[in-house]
Amino acid sequence: MRFKWLIRAATVMGFLGCTVFAFSQNRAPQGIIVGKVVDHQNSQGLEFATVSVFSKADSVLVNGDVSDKKGQFTVRELRSGTYYVEINFMGYDPVYLNDVTLTKEKSLVDLGNVELAMAAENLEEVTVTGRADYVINKIDRKAYNVSKLAVVAGGSADEVLQLIPSVEVDIDGNISLRGSENVTVLVDGKPSGISGENLASYLESLPANTLETIEVITNPSAKYDPDGMVGILNIVTKKKKLQGVHGVVSASAGIPARHNLSGMFNAKTGKWNFMVNGGLNYRGGFSRGSTYRENYFNGDTTILTQTNDGDRFGPGGMIRLNADYQLTSKSTITAGGSYNLRNFNMTEEITTDNHYLGEDPFDLYVRNAEREMQFNMFRYNLGFRHQFNPDGHELSIDANQSVMTHEFSGAFEETPLSSTMEPLDFISFQQNNRTQSKGITTTLQADYVLPLQNNNAIEAGYKSIFRNDRSDFFSESLDTLEQIWLDDVYLINDFIADEQIHSVYGIYKQNIKKFGFQVGLRVEQAVLDAELVTTEETFHNDYFSLFPTVHLNYMLPGTQQLKASYSRRLNRPHHRVLNPFADYTDPYNIRKGNPFILPEYIDSYEVEYEKLWDKFSVNTSVYFKQINNMITRIKTVEGDVSITTFDNLGTGRNYGAEFVFGGDITKWWNFTWSNNAYWTELIGEGRNSELNAEGYAFSSKLLMNLYLPKDFNVQLSANYRSPRVVTQGEISEVYSTDLAVSKKVLKDKGTLTLRVRDIFNTREYSFITEGENFYQESYRKRQSQSIQLGFSYRFGKFRNMGSRRMNGGRDSGGMEGESIEID
């Protein structure tokens with residue numbers, strides 16, 4: 001019945017969209033923005049600079065132009081409203097102009113001379129607006145410019161995320177935002193289709209210099225999927241579309257092994273645009289840790305201690321192909337694909353000592369492991385976009401598919417030890433196992449935007465997600481008497497999860513003088529069917545949800561604005577959380593999922609204030625989140641064995657505040673300082689009523705740039721995260737410092753970068769977990785300190801784009817100019 005209701009709703013929305021489209025008036029707006037783009041050093045006009053005008057209310061690209069031979073530009077057909085203008089020219093730092101307002105009384109705005117500075121220009125002679133380039137505040141998100149992060153030169157996407165305010169990446173690659181791991185990661189606005197260790201492998205395979213921006217969306221609108229308790233991280237990759245041929249190649253080498261080779265190539269000619277980017281990397285380093293656990297059982301106390309020491313090395317990489325074809329001046333079709341690879345080989349030695357308090361060990365052995373991981377991911381996309389007129393009236397249709405395979409194999413040998421830690425003369429226990437996972441995610445969606453009169457607009461859309469995940473685990477052990485390998489029947493399992501999510505949404509937004517608002521509703525039907533093939537068990541969950549959203553914006557006197565927002569969100573359990581079969585890789589620490597776990601729902605509220613001065617800016621926000629059916633890890637101990645699983649705890653509440661301050665201290669020194677503090681309450685219910693916890697935590701990040709003479713640039717990044725409470729325990733503080741020094745060479749076409757990660761070697765993790773009958777301390781450390789030397793080179797040509805307006809605009813009648821070199 002719900003599916004029929006959903007189909008009816010989609011049909012009605014589609015009919016209304018077509019009706020509005022058929023009868024909408026296309027009278028061209030009369031607003032105009034003019035100006036002149038000049039070089040900061042000599043005030044000469046810059047030809048071919050791209051000028052983009054975005055709506056302040058929703059960050060939609062409205063129209064644009066390309067500067068002429070004198071650097072002059074004219075952007076026409078703009079409605080009354082408030083915009084921000086972005087001006088770009090290859091080899092120069094972009095400039096962002098906020099709060100450009102058009103009214104019926106003032107339909108022409110002259111921006112005058114807009115000065116662009118050469119990238120990393122000698123700051124004894126020019127002023128660099130580095131802070132403005134790094135972060136862009138929009139109505140529903142913050143966008144961070146990755147090209148401004150020199151400390152990740154030669155690195156990967158996971159290292160970029162470590163520098164983004166309020167974002168943390170732990171030792172296993174798990175991402176958290178504002179202290180919560182329940183965050184959705186998108187790539188170019190599309191679902192990544194992966195989570196957990198698969199997402200970590202994917203991010204390690206993405207070279208940092210293939211990324212454009214990282215968008216942090218803490219309260220997304222109804223246009224977005226509701227997944228993720230604390231919001232969305234959108235990784236935007238580079239998609240340059242300058243006329244002509246251009247590109248960049250980069251290489252770096254590090255100690256210990258951190259090597260990288262990457263590049264991007266773009267060719268645009270006529271109606272075609274082709275882009276190829278990719279990279280290869282090789283990482284290596286140590287991994288070590290320890291566990292101390294006291295088990296209380298029947299009046300006795302046993303002590304379990306484990307130490308592990310290992311190394312892991314392996315390659316990773318990606319390649320991405322994309323092509324755009326302009327069918328007409330207003331219609332574009334896009335097709336592309338990408339391949340990501342991440343492999344590693346790991347050797348590890350785990351020593352286990354189990355004994356009664358004050359007595360000799362009754363179980364003492366060393367377990368040697370040789371493991372191999374192979375991760376592969378293919379992504380395909382096909383899209384169509386039609387712009388009805390230049391003011392944002394458009395229709396887009398997209399189809400995406402991702403195919404992920406992940407194989408993890410291991411060979412283990414367990415040898416008993418004497419009290420002097422010498423191997424005993426016993427036959428060792430040997431075991432091999434293999435986990436093969438495959439996930440296929442297919443997404444179909446359509447989005448429609450219709451601007452109306454008086455600065456209002458409606459949006460509507462439809463989306464279907466089809467997801468199939470399969471995880472097959474195989475294990476065998478050596479029969480030491482017969483010297484033959486036998487299947488471990490009690491360990492072998494095959495788990496399949498099929499999920500369908502169908503949704504429609506609608507949004508209405510309007511600006512009334514200084515006040516803007518946006519209200520939306522997303523309607524969703526989800527069906528999950530899972531099967532444990534080995535035992536022929538099946539599981540089913542069918543749930544219908546409504547997700548309202550509200551965004552308010554008020555422009556205060558001067559360069560101030562106040563925002564408020566609300567959204568309802570959810571966090572779905574992924575297949576590793578659902579799979580009930582136990583993982584016995586470590587026989588003293590077993591993990592398994594829970595197929596009966598339910599999605600958790602979140603009500604998220606946020607109020608934000610922003611103030612801009614000439615050289616400084618401040619952004620502060622307060623937020624509150626109420627979590628129902630909260631999903632959490634729960635550890636229990638039976639005898640000497642701990643079992644970790646998942647359950648719906650009850651209720652959680654987060655009260656927090658975020659403060660970001662930045663600006664230009666001098667002409668050669670700027671900074672961004674971000675802080676996040678929050679109070680967490682975890683309230684258990686029912687059988688989990690004793691699992692209550694509460695506590696305060698905060699994090700702080702400082703990013704500092706020094707622009708020195710002779711084209712030198714120094715960047716320092718410092719991070720701190722305080723101890724924080726979790727269910728059944730606490731995670732210790734984490735802090736680190738990174739440094740990079742770069743210099744422009746070869747007439748600014750090349751850049752040399754020396755990068756030092758974790759200068760003081762402090763990035764490590766400690767945990768305390770305790771329950772009714774156990775107390776546990778854990779420590780983990782992976783290779784974090786390294787030094788890396790890199791070089792990048794930019795090349796290319798482009799041609800005069802003056803003969804064609806951007807985004808399907810009208811022909812301006814110019815002649816194509818001769819090719820000229822760019823850096």
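Of note:
- Candidates S471, S475, S437 - the one that is surrounded by 15 or more Cβ atoms within 10 Å (Cβ to Cβ) and in contact with a helix residue (DSSP H, G or I) (Cβ under 7 Å, 6 or more places away or on another chain): S471
- Summed over region 635-655, residues that are surrounded by fewer than 18 Cβ atoms within 10 Å (Cβ to Cβ), part of a strand (DSSP E or B) and of a type outside the set (S, T, N, Q) total 5.
- Residue in region 45-57 that is of a type in the set (S, T, N, Q), assigned to a loop (DSSP other than H, G, I, E, B) and touching a residue at least 24 places away in the same chain (Cβ under 8 Å) present: no
- Residues that are in contact with a Lys or Arg (Cβ under 6 Å, 6 or more places away or on another chain), surrounded by 17 or more Cβ atoms within 10 Å (Cβ to Cβ) and of a type outside the set (A, V, I, L, M), drawn from region 695-718: S699, D711
- Lone unmet requirement of (1) touching a residue at least 40 places away in the same chain (Cβ under 8 Å); (2) touching a helix residue (DSSP H, G or I) at 6+ places or on another chain (Cβ under 9 Å); (3) surrounded by fewer than 20 Cβ atoms within 10 Å (Cβ to Cβ) for K238: (1)
- Selection from region 502-529 of residues that are touching a residue at least 12 places away in the same chain (Cβ under 8 Å) and charged (D, E, K, R): K509, K514, R522, E524, D529
- Selection count, region 288-304, where residues are surrounded by fewer than 16 Cβ atoms within 10 Å (Cβ to Cβ) and assigned to a strand (DSSP E or B): 5
- F344 vs. criteria within 26 Å of D309 (Cβ to Cβ), within 23 Å of the chain's Cα centre (by Cα) and either assigned by the TED database to the domain that holds N468 or assigned to a loop (DSSP other than H, G, I, E, B) (or both): yes
- Number of the condition not met by D68 [criteria: (1) modelled with pLDDT under 75; (2) assigned to a loop (DSSP other than H, G, I, E, B); (3) touching a strand residue (DSSP E or B) at 6+ places or on another chain (Cβ under 9 Å); (4) on the phi < 0 side of the Ramachandran plot]: (1)
- Yes/no for G358 being part of a loop (DSSP other than H, G, I, E, B) and either surrounded by fewer than 16 Cβ atoms within 10 Å (Cβ to Cβ) or in the same structural domain as L61 (by the TED database) (or both): yes
- Which listed residue, of D472, D498, D487, D529, is outside the structural domain of I602 (by the TED database) and either closer than 30 Å to A57 by Cβ or not polar (S, T, N, Q) (or both): D487
- Of all residues assigned to region 674-692, none qualifies as being in contact with a helix residue (DSSP H, G or I) (Cβ under 8 Å, 6 or more places away or on another chain) and in contact (Cβ under 8 Å) with a residue 60 or more places away in the chain.
- A single member of L424, L450, L417, L395 is in the same structural domain as N345 (by the TED database) and either among the small types (G, A, S) or surrounded by fewer than 17 Cβ atoms within 10 Å (Cβ to Cβ) (or both), and it is L424.
- Any hit, region 684-692, residues being in a strand (DSSP E or B), touching a strand residue (DSSP E or B) at 6+ places or on another chain (Cβ under 8 Å) and either closer than 20 Å to L177 by Cβ or among the hydroxyl-bearing types (S, T, Y) (or both): no
- Residue match in region 531-544 (condition: surrounded by 20 or more Cβ atoms within 10 Å (Cβ to Cβ) and touching a residue at least 12 places away in the same chain (Cβ under 8 Å)): no
- Complete set of residues in region 625-668 that are touching a helix residue (DSSP H, G or I) at 6+ places or on another chain (Cβ under 9 Å) and under 21 Å from L149 (Cβ atoms): G662, G663, D664
- Taken over region 734-765, the criterion of being over 23 Å from the mean Cα position of the chain (by Cα) and assigned to a loop (DSSP other than H, G, I, E, B) is satisfied by L746, K747, D748, K749, I759, F760, N761, T762.
- Consider region 445-457 and keep the residues that are modelled with pLDDT under 95 and part of a strand (DSSP E or B). The one that is farthest from N432 (Cα to Cα) is L452.
The values are calculated or read from the model by the stated rules, or taken from the named source; none is laboratory data. All of these numbers come straight from a predicted model, not from anything done at the bench. Using ideal geometry, Cβ is built from the backbone for each residue, glycine included, and neighbour counts are taken over all protein chains shown.
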